[in-house]
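Structure, as structure tokens:
The values are calculated or read from the model by the stated rules, or taken from the named source; none is laboratory data. Fair warning: this is a prediction, and the values are worked out from it, not measured in the lab. In this analysis, Cβ positions are derived from the backbone assuming ideal geometry, glycine residues included, and neighbour counts consider all displayed protein chains.
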């Protein structure tokens, strides 16, 4: 058996309990495929995702982080994802400003009925991260180590 | 300056205020420090107000609000934004403060003078608030040197927010608007760089950080009782820099924590012993908030909701960051 040297990205997906996690479930029960590189972390609401979680994921070796939540307007807690949307916009803009490759982070709204969207989004995102390669910059912003 | 002392003594004597929060002479002629004064003698002996009194006294009002009686505090126009923001966050008590809005003609940065190649500085004259504030005479070990007042100003004074006090009980002394640069010019310059250039720029700047926490301690927006950067294992003042995560991400996290609340007072950059331009982080968030959610100046009043505690139904999607190229 030959050794497989292919780059296996580590991808963290924060999925909200009410929509996206159920969407992932639907993708599974519909036998839709998405790469096993995606590790799902279930959160009560996309608003629960503190920007620090995303930075922490990168620091712990993630190559890409995607956050999924209910479509704006459909939040189980009425308004959580509106706040999350502002926060993530600012965080992504800051990461871009710091010179982190564009596209390592993403937000996608996936409802419980969108198993297909979940699977295509994950496939797309994994492809994107594969093309970007390993994340070195975010873990290395201060070179003293 | 004498007028300020006289007025402070008057208020102390009448019992209107129990103490005065101002600046006292430092060990050198150009490093005054924030201080409380409780007697007329101490005001006479130590009180100082000149071009080097850059320190924003708003944050000290958090402690002063817990003391008995009113505190007389001197706030420069830009400091009043921080004070308003602290009222909004219920960190200071307006009733416990007697605010004298003190005039400001731009504050000086001794590091900027040193950066002009002036060595062995003994004394700087011409920094007095009553002077015309055009040239400074720097007395050094190697003779006198003249430098332009404007060139020696702090970075924040070049993007002055104006000479209006946002909140105060009375105004004393004259101010001048020292704005001579675009507030977001530096940010735009960095935004125009390639990702690799940006990364190298920030890596170079952040690698200078010694995690002294001066930026956090001086920041009026960083007023949480318990800070995420304090170690939970030991005394609360212990830095949690055993954790490599906080080492690396400290500045991003700190900037995010104050996003939407930062008044751009520039204290972080002023106090950084390593000269890291920390305002570049805060100002980037301010710029983004302005572009995405409409112009917002924290501390303009003590009522409106901050941009991160509000939303609209048609806010931009985070994908805008990737789409704009």
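A few notes on this one:
- Within segment B:67-181, strands (runs of 3 or more DSSP E) holding 3 or more residues that are under 18 Å from the mean Cα position of the chain (by Cα) and in the same structural domain as residue B:26 (by TED's automatic domain parsing): B:71-75, B:97-102
- Scanning segment B:54-66 for residues that are touching a residue at least 40 places away in the same chain (Cβ under 8 Å), within 21 Å of residue B:172 (Cβ to Cβ) and in a helix (DSSP H, G or I) returns B:61, B:64.
- Some residue of segment B:216-223 being over 15 Å from the mean Cα position of the chain (by Cα), at pLDDT below 95 and surrounded by 16 or more Cβ atoms within 10 Å (Cβ to Cβ): no
- Residue, surrounded by the most Cβ atoms within 10 Å (Cβ to Cβ), within segment B:255-285, restricted to residues that are free of Cβ contacts under 8 Å to residues at least 40 places away in the same chain and within 11 Å of chain A (Cβ to nearest Cβ): B:281
- In the condition set (1) surrounded by 14 or more Cβ atoms within 10 Å (Cβ to Cβ); (2) closer than 22 Å to residue B:283 by Cα, residue B:162 is compliant with all but (1).
- Filtering B:198, B:203, B:226 for residues that are at pLDDT below 90 and facing chain A (nearest Cβ under 10 Å) leaves a single hit, B:203.
- Single residue of A:61, A:73 found to be modelled with pLDDT of 90 or more and at positive phi: A:73
- Qualifying residue in segment A:106-116 (condition: within 14 Å of another protein chain (Cβ to nearest Cβ) and farther than 19 Å from residue A:47 by Cβ): no
- Selection of segment B:47-69 for residues being over 18 Å from residue B:267 (Cβ atoms) and surrounded by fewer than 16 Cβ atoms within 10 Å (Cβ to Cβ) yields B:66, B:67, B:68, B:69.
- Tally of residues being in contact (Cβ under 8 Å) with a residue 60 or more places away in the chain and farther than 29 Å from residue B:28 by Cβ across segment B:95-118: 1
- Taking the criterion of being surrounded by fewer than 19 Cβ atoms within 10 Å (Cβ to Cβ) and in a loop (DSSP other than H, G, I, E, B), the residues of segment B:1-29 that qualify are B:1, B:15, B:16, B:18, B:25, B:26, B:27, B:28, B:29.
- Meets criteria (within 20 Å of the chain's Cα centre (by Cα) and either modelled with pLDDT under 90 or buried (at least 16 other Cβ atoms within 10 Å of the Cβ) (or both)) for residue B:237: no
- Checklist (1) at the interface with chain B (Cβ under 10 Å from one of its Cβ atoms); (2) surrounded by fewer than 23 Cβ atoms within 10 Å (Cβ to Cβ); (3) under 15 Å from the mean Cα position of the chain (by Cα); (4) over 17 Å from residue A:134 (Cα atoms) applied to residue A:83, failing item: (3)
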